[in-house]
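The values are calculated or read from the model by the stated rules, or taken from the named source; none is laboratory data. Since this is a predicted model, take the numbers as computed values, not measurements. Here the Cβ positions follow ideal geometry from the backbone for every residue, glycine too, while neighbour counts run over all protein chains shown.
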Amino acid sequence: MAEALAIVGLASSIIAFIEFGIKIVSTTKSIRDSLSDTTSDLHELELIVENVQKLNNKVLLDKRGGRKLSQHEVHISKMAAECDLVAEKLLDVLKHLKVRDGARSRTLESSRIAIQALWKRNDVEDLRRRLTELDRRIRQDVRRTLQQRHESAVMSELAALRQAHDNLEINYDFKLEQIKDEILRLTRSVVDPETQLTQLNSIKTELRALESEKTICHKQSRIIKSLYFPELRRRWSQITDADQFTNSWLFDRSKTNFLDWLESQHDERVFWITGRQWQVYSYEVCL
């Protein structure tokens, strides 16, 4: 169960990759920006791609373990390989815009980078097109995954969590449905170049919220379930008649003189029994 929503984490990481790639190819940088930012861009891109591959390995491990994925979940998994190919192109572009170690003249290096940027213009446009296509497809596959009630591993897991909460009568504001509905709303939106980065960031945020909320709900179910003790229920079933004999000792002449007291003719209405030194019991008998 812990890795059941690994596909959600993978989708979130793919969107982070697309978002970062679009930032690189869409932002018109000055030569000064290129000189100062390219190295950090290279490092960040490598980290994002590494995370995509790590999460995809979890998905594939789950699949080999017998977890069934829907058609659209399989599509999301296959996108990880496409991210690798696009990342190679992005890294190539960035490396050409990177300041070379030991460059003697900043002015000459700026001119070299400007020429490289011009030569790579077609590559940049191709990358923009491929990233936009990945964006369109990831939105579609995430939406279809959340719309499928039975075939989807994600939806099966959400349904199981909902059922577990209901069975255990956990009093908690179950947010998974409303997060899912918000993701569906966001993924229905058409890819708009003007708001594309904002849209991607919103989808990524909601997918991460879905993961986080799933973890909370799973922990709640596990903790509450651990508090159930079948032994107590079994013990209770074995003493169903015990209440009928709770005071039977009181009528045992070998233990008390209660019966003698009842048969006596005195007017004392209170029968006192002294047990341990600090215990005194009294019974008022209504005759």
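Going by the structure shown, is residue 63 surrounded by fewer than 14 Cβ atoms within 10 Å (Cβ to Cβ), at pLDDT 75 or above, in a helix (DSSP H, G or I) and within 23 Å of the chain's Cα centre (by Cα)? Give the derivation first.
Working: surrounded by fewer than 14 Cβ atoms within 10 Å (Cβ to Cβ): no; at pLDDT 75 or above: yes; in a helix (DSSP H, G or I): yes; within 23 Å of the chain's Cα centre (by Cα): yes.
No.
Based on this model, can you work out whether residue 250 counts as touching a helix residue (DSSP H, G or I) at 6+ places or on another chain (Cβ under 7 Å), at pLDDT 75 or above and among the aliphatic types (A, V, I, L, M)? Please lay out each step first, then the result.
Numbers: touching a helix residue (DSSP H, G or I) at 6+ places or on another chain (Cβ under 7 Å): yes; at pLDDT 75 or above: yes; among the aliphatic types (A, V, I, L, M): yes.
It is true that residue 250 is touching a helix residue (DSSP H, G or I) at 6+ places or on another chain (Cβ under 7 Å), at pLDDT 75 or above and among the aliphatic types (A, V, I, L, M).
Could you pull out the residue among 2, 6 that is within 30 Å of residue 218 (Cβ to Cβ), out of contact with any helix residue (DSSP H, G or I) (no Cβ under 7 Å at 6 or more places or on another chain) and at pLDDT below 90? Let's see the steps before the verdict.
Details: 6 fails: out of contact with any helix residue (DSSP H, G or I) (no Cβ under 7 Å at 6 or more places or on another chain).
Of 2, 6, the one residue that is within 30 Å of residue 218 (Cβ to Cβ), out of contact with any helix residue (DSSP H, G or I) (no Cβ under 7 Å at 6 or more places or on another chain) and at pLDDT below 90 is 2.
Condition check: over 23 Å from residue 188 (Cβ atoms), in the same structural domain as residue 16 (by TED's automatic domain parsing) and either at pLDDT below 80 or not in a helix (DSSP H, G or I) (or both). Does residue 87 satisfy that? Can you show your working first?
Working: over 23 Å from residue 188 (Cβ atoms): yes; in the same structural domain as residue 16 (by TED's automatic domain parsing): yes; either at pLDDT below 80 or not in a helix (DSSP H, G or I) (or both): no.
No: the conditions fail for residue 87.
What pairs can you find where one residue is in the range 127-146 and within 13 Å of residue 199 (Cβ to Cβ), the other is outside any helix (DSSP H, G or I) and hydrophobic (A, V, I, L, M, F, W, C), and their Cβ atoms are less than 6 Å apart, with a gap of 6+ or different chains?
135/191; 136/191
Which ones in the range 176-197 are of a type in the set (Lys, Arg) and either touching a strand residue (DSSP E or B) at 6+ places or on another chain (Cβ under 6 Å) or loosely packed, with under 15 Cβ neighbours inside 10 Å (or both)?
Correct list: 185, 188.
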